[in-house]
Amino acid sequence: MSSTQTPRNVSIRLAALTALLGLSLLPASVFGQGCVIARGGGSAAINDGAGYLQKGKWEVTIAARHFVSDRHFVGDDEQTHRTALGTEVINKSYFADVTTTYGWSERLNLSLSMPFSRHDRSSMRENVRVHTQAHGLGDIRVGANYWLLNPASDNRGNISVGFGVKIPTGDAEAQDVFNYPSGAVLRYVDSSIQPGDGAWGATVELQSFYHIWGNLSAYGNGFYLFNPDERNEATGWSIPDGYMVRGGLAYRVSAVRGLGISLGLRNEGVVAHDLFGGNLGRRRPGFAVSVEPGVTYSKGRYSGALTVPIAIHRNRVTSFGSTRAGDAAFADYTFNASFSMRL
């Protein structure tokens, strides 16, 4: 593959990195925010002279995510009285993923994602805020992504399709001591802070980018997690499907080689009805729509990205078997960071 870096090639490379790093910013443990939780993982970024991982090459990506969810919604109606009265549920969540990707060919990449998480959840009980925690390894994912167009050709863009398997390696029955004023009780922690969901799953994903003109390019990603198992019998929590879709524009900053900025929209959440399998069990379906500004930078075999999705619409939709929407807490914004190194 040619290593010549024309302005157009550089713009295409940065558009690819914006799309691919955007997926690597999504930890394999969570796509929703706070009480609305969806589990799955995106592929790792790729990075070489033209923005693709070459045959026989390895890449390691470390991705991190953090958010605090404390804004309650029933449907799309915010329950502002919860904050005013100090009765809101507060989730503080930290995620770190390590993804290893191998270039099987110029078009086919294989990846292994290992997610880790740490959570603190607090809620009011008898006028006292009670904290519970959970942490550890999440559900590992293995996957493959294939570029539909030949990366060696002088294409203005490309589309990648991916398939993966989620392995139930994370603890889905984590317990902690609930220190209520009336006495301590050992119980299962809330599903939103469980490291795993306890079931095998399958994933499909789509990545794309297109050079529009000059320094401007477009990008898009989509991801869906299928969870055929219905619920965890021990905890009673449902094992729901989850999804993410994002897209926007990326711009190459000519004054700084390797620097790009982006702006797009992002929608992620949990569905009320799974595509396969049953829907029984307790779940909190809902979604958040966010404006997502971001910055990417690449130099040689290194690349990194930072995005901060800012929620503009949140909706706790009606659960399966219910006649009205329940309550769930969402975050105002999320910090996502990613660093990749080609070996």
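Coordinate-derived values only; no laboratory data. Treat the numbers as computed from the prediction; the structure is a model and nothing was measured. So basically every Cβ, Gly included, is an ideal-geometry build from the backbone, and we count neighbours across all protein chains shown.
I'd like the FRET efficiency for Ile312 and Ile212, computed as 1/(1 + (r/R0)^6) with the beta carbon distance as r and R0 of 22 Å, rounded to 0.05.
Efficiency computed from Cβ-Cβ geometry: 0.35.
Counting other C-beta atoms within 10 Å, and keeping those with at most 16, which DSSP coil trypsin sites (Lys or Arg not before Pro) do you find in segment 134-187?
Within segment 134-187, the qualifying trypsin sites (Lys or Arg not before Pro) (loop, at most 16 other Cβ atoms within 10 Å) are Arg156.
Relative to the longest principal Cα axis of the chain, at what angle does helix 7-24 sit, 0 to 90 degrees, rounded to 10?
Computed tilt is about 20 degrees.
Given R₀ = 45 Å, what would the calculated FRET efficiency be for Trp58 paired with His135, taking r from the Cβ atoms and rounding to 0.05?
The calculated FRET efficiency here is 0.95.
Per 0.36 nm of contour for each residue apart, how much would the distance between Val142 and Ala234 grow if the chain were fully extended, relative to their Cα-Cα spacing?
30.5 nm
Cβ under 11 Å from His66's Cβ, His66 left aside: what net charge do those residues give with Lys, Arg +1 and Asp, Glu -1?
Taking every other residue near His66 into account, the sum is +3.
Considering only the other residues whose Cβ falls under 10 Å of the Cβ of Asn145, what net charge follows from Lys and Arg at +1 and Asp and Glu at -1?
0
Modelling each spin label as a point 7 Å along the Cα-to-Cβ direction, I'd like the Val161/His273 distance in nm, to one decimal.
Modelled inter-label distance: 2.6 nm.
Could you give the length gained by full extension between Arg301 and Thr87, i.e. 0.36 nm per residue of separation minus their alpha carbon distance, to one decimal place?
Separation in residues times 0.36 nm, less the Cα-Cα distance, equals 72.2 nm.
Is there a quick way to get the dipole size of the chain? I mean about its Cα centre, with the Cβ of Lys and Arg at +1 and of Asp and Glu at -1; what is the value in debye to the nearest 20?
So the magnitude is around 960 debye.
May I ask for the Rg/Rh ratio of the chain, computed from Cα atoms with Rh as the Kirkwood radius, given to two decimals?
Reported Rg/Rh, Kirkwood definition of Rh: 1.00.
Can you list the residues, at least 5 places off or on another chain, whose amide H is less than 5 Å from the amide H of Ile140, using H built in the peptide plane?
Ile167, Thr169, Gly170
Per q in 0.19 Å⁻¹, report the Debye log10 I(q)/I(0) for segment 278-341, using one uniform scatterer on each alpha carbon and no solvent.
-0.78
Suppose each label sits 7 Å from its Cα in the direction of the beta carbon; what would the Arg282-Trp104 distance come out to in nanometres?
Each label point is offset 7 Å from its Cα along the Cβ direction, giving 4.1 nm.
Under 29 Å Cα to Cα from Lys57, which lysines show up? Leave out anything in the same chain fewer than 8 places away.
Hits, sequence-local ones excluded: Lys166, Lys299.
Of Ser122, Phe330, Asn179, whose Cα points farthest to the positive end of the dipole of the chain (charges on the beta-carbon: +1 Lys, Arg; -1 Asp, Glu; origin at the Cα centre)?
Phe330
Which aspartates and glutamates, if any, have their Cα less than 16 Å from the Cα of Lys55, not counting same-chain residues under 8 positions apart?
Answer for Lys55, where 16 Å is the Cα cut-off: Glu106, listed by chain and number.
Which residues make up the longest stretch of the chain that has no chymotrypsin sites (Phe, Trp or Tyr not before Pro) in a DSSP loop with at most 15 other Cβ atoms within 10 Å?
1-103
For Ser122 and Ile261 in one chain, what is 0.36 nm times their gap in residues minus the Cα-Cα distance, to one decimal in nm?
Gain on extension, Ser122 to Ile261, equals 46.4 nm.
With the cut-off at 15 Å, report for segment 112-200 the share of all Cα pairs above it, as a whole percent.
68 percent
Of the residues Ala234, Ala172, Ala325, which exhibits the maximal mean-square fluctuation in a Gaussian network model of the chain defined by a 10 Å Cα contact cut-off?
Taking springs between Cα atoms under 10 Å, the residue moving most is Ala234.
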